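Notes follow once the structure below has been shown.
Nothing in this text is a laboratory measurement; each read-out follows from the coordinates by a stated rule. In this text, all values refer to a predicted model and were calculated from it rather than measured experimentally. Neighbour counts are summed over all protein chains in view; Cβ atoms, including those assigned to glycine, are modelled from backbone coordinates with ideal geometry.
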Amino acid sequence: MKITVIGTGYVGLVSGACLADVGNDVLCLDVDPAKIKILEDGGIPIHEPGLQEVVRRNVEAGRLSFTTDVKRAAQYGTIQFIAVGTPPDEDGSADLQYVLAAARNIGKHMDGYRVIVDKSTVPVGTADKVREAVQAELAARDSKTEFSVVSNPEFLKEGAAIEDFMRPDRIVVGADDEKAIGLMRQLYGPFQRNHEKLVLMDVRSAELTKYAANAMLATRISFMNELANLAEVLGADIELVRSGIGSDPRIGSHFLYSGCGYGGSCFPKDVKALIKTAGQHGNKLRVLTAVEEANDAQKHVLVDKIVERFGNDLSGKRFALWGLAFKPNTDDMRDAPSRVVVAELLRRGATVTAYDPVAMSEAERIFGDEPRLSFAGRPKSALDGADALVIVTEWKEFRSPDFDAIKTRLKQPVVFDGRNLYDPALVRAMEIEYFSIGRG
Ligand code: UDX
């Protein structure tokens with residue numbers, strides 16, 4: 001099939017590359033010539049394990065190409081994915097200007113039937129707006145060309161996006177006409193294997209499904225984080241409580257890990273947007289409002305513990321910080337807890353030496369020229385002469401550290417672990433002062 005993907009960001013590029021990998025011809029469009037140049041030169045503008053390889057082999061096979069030409073893109077694919085960004089605007093609702101601009105460009109230039117697929121996470125009702133935008137462009141040039149609008153939200157996890165796309169748990173498709181449903185079935189045939197993965201529904205339900213999934217997951221995390229804080233006060237261990245409840249199949253064991261808060265490009269934004277959507281319809285999402293509030297507070301727990309240990313004035317103190325990305329296997333720092341931790345430490349006068357396997361240049365970009373923030377080439381060298389170690393992201397390489405180095409390189413052996421990586425009894429037996437989340 002011939003497919004156009006509009007937007008070569010995270011979702012667009014992963015979708016385009018994976019669709020090419022099963023034999024489709026895919027043209028990816030982006031308005032940013034710099035991004036297209038990187039892609040044409042064989043690079044990728046984001047960090048995602050395995051993506052480079054999939055892009056490279058499909059470009060070489062002639063199935064994947066890139067353009068900034070909106071007319072060519074509109075006339076290329078029968079299926080047109082819209083995978084552009086929907087950043088939150090000031091009031092928290094999703095900003096649809098890029099989605100609607102993409103829709104107008106399709107309407108302006110399309111020269112035959114098109115299935116227009118919303119892949120971006122968009123508020124319920126966006127498909128109608130996309131349909132109107134396309135229709136207005138067609139009417140302006142007296143065209144009666146037919147098209148369908150489909151909602152097909154993505155459930156890709158950063159760091160596991162290729163696997164998630166190639167072997168999805170489910171493929172949610174919201175479509176209101178048979179022609180589009182037929183084409184979507186054909187498109188996703190190669191990803192179904194032996195199981196029916198396609199969950200077909202109406203467009204609005206599909207749009208809501210995406211928000212519902214992320215809001216539910218965010219809720220689990222915030223709930224566990226609050227329980228962890230309570231466990232600490234009560235002298236209980238949240239890790240044991242987690243195993244205790246996770247074995248109930250109604251609860252399940254995934255996504256129950258407490259820590260120093262969730263971040264990333266999806267949960268914070270989608271939680272905000274869903275609360276906003278509800279408000280616009282005179283509806284209140286009380287639980288979700290609390291989820292957001294709890295997460296904002298949770299991003300401060302590490303600094304609260306540090307202040308309790310070292311006092312509020314941290315001038316003259318230096319902290320080694322392991323992990324900047326919002327989670328392992330990505331350089332993404334959007335809404336990352338590390339941003340709050342670093343900012344709060346700096347605000348109290350401390351100096352921070354950070355290490356992250358891939359996100360340090362992103363942190364440099366975010367914090368700019370901050371004289372009290374520096375970066376270490378290795379986790380160990382961040383420790384030298386620091387007053388304590390603060391762990392914010394659970395990168396694999398932090399799971400089994402050289403505890404002797406932690407003891408000898410730090411001024412005194414104090415560790416604040418925002419991801420519960422170690423067995424507290426073991427660490428304390430090594431005479432390391434150990435603060436974790438919700439463990440007695
Ligand atoms: C998420 C959804 O999982 C994905 O389906 C959706 O399409 C986009 O949003 P992603 O943002 O890549 O994906 O990250 P995810 O792995 O889901 O983690 C989100 C955040 O929750 C991270 O900050 C992570 O540290 C945190 N988290 C996750 C916890 O604090 N505890 C957990 O048990 C799980």
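Here are a few things to note about the model shown:
- Gain in span if fully extended, Ser374 to Gln135, counting 0.36 nm per residue against the direct Cα distance: 80.7 nm
- Whole-Å distance, taken between Cα centres, linking the range 167-220 and the range 119-135: 16
- Percent of beta bridges antiparallel (DSSP, the chain, rounded to nearest 5): 5
- Listed by chain and number, the lysines whose alpha-carbon sits under 21 Å from that of Lys269, ignoring those within fewer than 8 places in the same chain, are Lys119, Lys129, Lys157, Lys210, Lys284, Lys299, Lys327.
- Relative contact order of the chain, defined on C-alpha pairs under 8 angstrom at six or more residues apart (%): 12
- Burial order of peptide ranges 236-247, 150-161, 396-407, 205-216 (average beta-carbon count within 10 Å, highest first): 150-161, 205-216, 236-247, 396-407
- Protection proxy ranking of 364-371, 121-128, 36-43, 100-107 - average other beta-carbon atoms within 10 Å, highest first: 100-107, 121-128, 36-43, 364-371
- Theoretical FRET efficiency, 1/(1+(r/R0)^6), r = Cβ-Cβ of Arg167 and Glu90, R0 25 Å, to 0.05: 0.05
- Percent RCO, i.e. relative contact order, over the range 299-435, from Cα pairs under 8 Å lying at least 6 residues apart: 26
- Within the range 2-201, percent of DSSP bridges classed antiparallel, to nearest 5: 5
- Sequence of Thr408, Thr78 once ranked by neighbouring C-beta atoms within 10 Å, starting from the fewest: Thr408, Thr78
- Taking amide H positions as modeled 1.01 Å from N, with prolines and chain starts lacking one, the residues under 5 Å from Asp332 and 5 or more places away or on another chain are Phe326.
- Length available on full extension from Phe223 to Asp404: 0.36 nm per residue minus the Cα-Cα distance, which gives 61.6 nm.
- Burial ordering of Trp395, Trp322, fewest other beta-carbon atoms within 10 Å first: Trp395, Trp322
- More than 19 Å apart - percent of Cα-Cα pairs taken over the range 299-435: 43
- By other beta-carbon atoms within 10 Å, ranking Glu431, Glu90 with the fewest at the front produces Glu90, Glu431.
- Pair Gln280, Glu60: separation of 7 Å Cα→Cβ label points (nm): 4.6
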